[in-house]
Amino acid sequence: MKKLLVSLVPVLLPTLCVVSVWPADLESKIPLMPAAVTSNAVTTLRNGLEVVSLMGIGPKQTWDDVSNKVYILRLTSAKWSSAPPVPGVGGRLGASATSAKDKIFVFGGFLLDGHGNEFTVPDVNIYVPSMQRWYRGTDMPVGVDSTVIGINHDRFVYIVGGRSKNGPVNSVQVYDLQKNSWSQATPFPGTAVFGSAGGLGDSTIVFVDGAKKNSGSGANYVPSDECWMGRIDKKDPNKIEWVKLPPHPGKARFGIVAGAREKDRQILFSGGSASVHNYRGLDSEGKPVSFSTVTFSYDVRANKWEELTDQTNDAHSDVRGIVSTPIGPLIVGGLLRNNIVTARVAIVPRY
């Protein structure tokens, strides 16, 4: 018993430190990010004790306000710090990130020039915090932005759908962290989309909505209402059995913020707009969109949707993930109503 208690001390100590730092009214005490940002990639380190925001665009929402900066919130001290910026010719929007084996992996995204043109890139960047250094990984076979990302067995990263230079794709690209190599998994059988939302938990991918090409007149893209679940084969990481899910709570949306909560085997979804919008929160007619106040989840084990609330405060859009931490699931930055780019960190309601 003494050996067990000793072995648990290093695990429990950081959590106890977090509890001592954070009072009951958690959200109001979370410090603002050093800079407001949206369309940022997010992930965590040290079992959720460090929250990381990478790149994105600031309040001016212009090409010269795109950032390559990296900010880290340490929950044990409730303080932000900066890390070396993501390498490259410029900051990116719509990139995706995950972490494993004490490293951060950043995939794709798009560049923005002074004329408003967007250029999707295949870049893979790897950050090693212990060395404070970035390395270049093997480029994605197909560069995409605004994807769904998830990691399985702390090794295989799944990049689902997204927007390529030729438009939306329905591919599933798999990155092997150990081999620094790519393979193609079973594509999802639905409509090619980007700006969809989802996550990976319990070897299961769940994703919803996004934008698809418009086959009729009007806007180039319209919201998709498709929901999919993919079970990853235990022996072959490239084999996925896809099943179409019933509609989720609320209307079909674009730019929902989502992420896996492995502890509860749930995928959380919050916010997003009922119409496809650009990085400035404007629809095809240049009008500001409004964001849904519905927050819901998919229970991977019970195979069912659950509406958590239809009254989410300060509904968000365009953050590339919900991160799981000891103080709860968090949305870091993002777009709020009236196209406000925020520096706030919000706790996702769960009940």
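Taken together, the values in this text are just the output of simple stated rules run on the coordinates, not laboratory data. These figures come from a predicted structure and were not determined experimentally. Don't worry about glycine lacking a Cβ; one is built from the backbone with ideal geometry, like all the others, and counts go over all protein chains shown.
Brief remarks on what is shown
- In order along the stretch 296-304, the Karplus-derived 3J(HN,Hα) couplings, from 6.51 cos²θ - 1.76 cosθ + 1.60 at θ = phi - 60°, round to 9, 9, 10, 8, 5, 6, 8, 6, 7 Hz, and Gly and Pro are given as x.
- Taking other C-beta atoms within 10 angstrom as a stand-in for reagent exposure, Val160, Val348, Val289 fall in the order Val289, Val348, Val160, fewest first.
- Label positions at Asp264 and Ser217, each projected 7 Å from the Cα along the C-beta direction, are separated by 4.6 nm.
- In sequence order, calculated HN-Hα J values of the stretch 71-85 (Karplus, 6.51, -1.76, 1.60; Hz; x Gly/Pro): 10, 10, 9, 9, 5, 5, 10, 6, 9, 8, 9, 9, 10, x, x
- Relative contact order, whole percent, for the stretch 26-347 stands at 15, derived from Cα pairs under 8 Å and 6 or more residues apart.
- Residue with peak Gaussian network fluctuation, the chain [Cα springs, cutoff 10 Å], from Val128, Val37, Val70: Val128
- Approximating the spin labels as points 7 Å out from Cα along Cα→Cβ, the Asn180-to-Glu306 distance works out to 4.2 nm.
- Burial ordering of His316, His115, His153, His277, fewest other beta-carbon atoms within 10 Å first: His115, His153, His277, His316
- Long-range amide H partners of Ser171 with built H, under 5 Å: Gly161
- Placing R0 at 35 angstrom, the Cβ-Cβ distance between Leu282 and His153 gives a FRET efficiency of 0.30 after rounding to 0.05.
- A full extension of the chain between Lys29 and Lys101 corresponds to an added length of 22.9 nm, given 0.36 nm per residue minus the alpha carbon distance.
- Proximal aspartates and glutamates to Lys235, defined as alpha-carbon separation beneath 17 angstrom and excluding residues fewer than eight positions away on the same chain: Asp154, Asp176, Asp202
- Rounded to whole Hz, the Karplus (6.51, -1.76, 1.60) HN-Hα couplings of the stretch 247-258, x for glycine and proline: x, 7, x, x, 7, 4, 9, 10, x, 4, 8, 8
- In a DSSP loop and with at most 14 other Cβ atoms within 10 Å, the trypsin sites (Lys or Arg not before Pro) in the stretch 40-134 are Lys60, Lys101.
- Listed candidates (i) 28, 23, 22; (ii) 36, 29, 18; (iii) 41, 21, 19 - label of the one calculated as semi-axes √(5λ) of the Cα gyration tensor in Å: (i)
- On full extension, the segment bounded by Ile347 and Val243 gains 34.4 nm, given 0.36 nm per residue less the C-alpha separation.
- When the C-alpha to C-alpha distance is required to be over 23 Å, the pairs from Lys244/Lys287; Lys60/Lys287; Lys101/Lys304 that qualify are Lys244/Lys287; Lys101/Lys304.
- Ellipticity estimate at 222 nm from DSSP helix runs (n ≥ 4, -39,500 (n - 2.57)) divided over the chain, nearest 500: -2000 deg cm²/dmol
- Each of Thr325, Thr204, Thr138 has some number of other Cβ atoms within 10 Å of its Cβ, and from fewest to most they run Thr138, Thr325, Thr204.
- Charge sum, other residues only, whose C-beta stays under 14 Å from Phe188's C-beta, Lys/Arg counted +1 and Asp/Glu -1: +1
- Label zone at Arg46, where the point sits 7 Å out along the Cα-to-Cβ direction: the stretch 320-334 residues whose backbone N lies under 17 Å: 324-328
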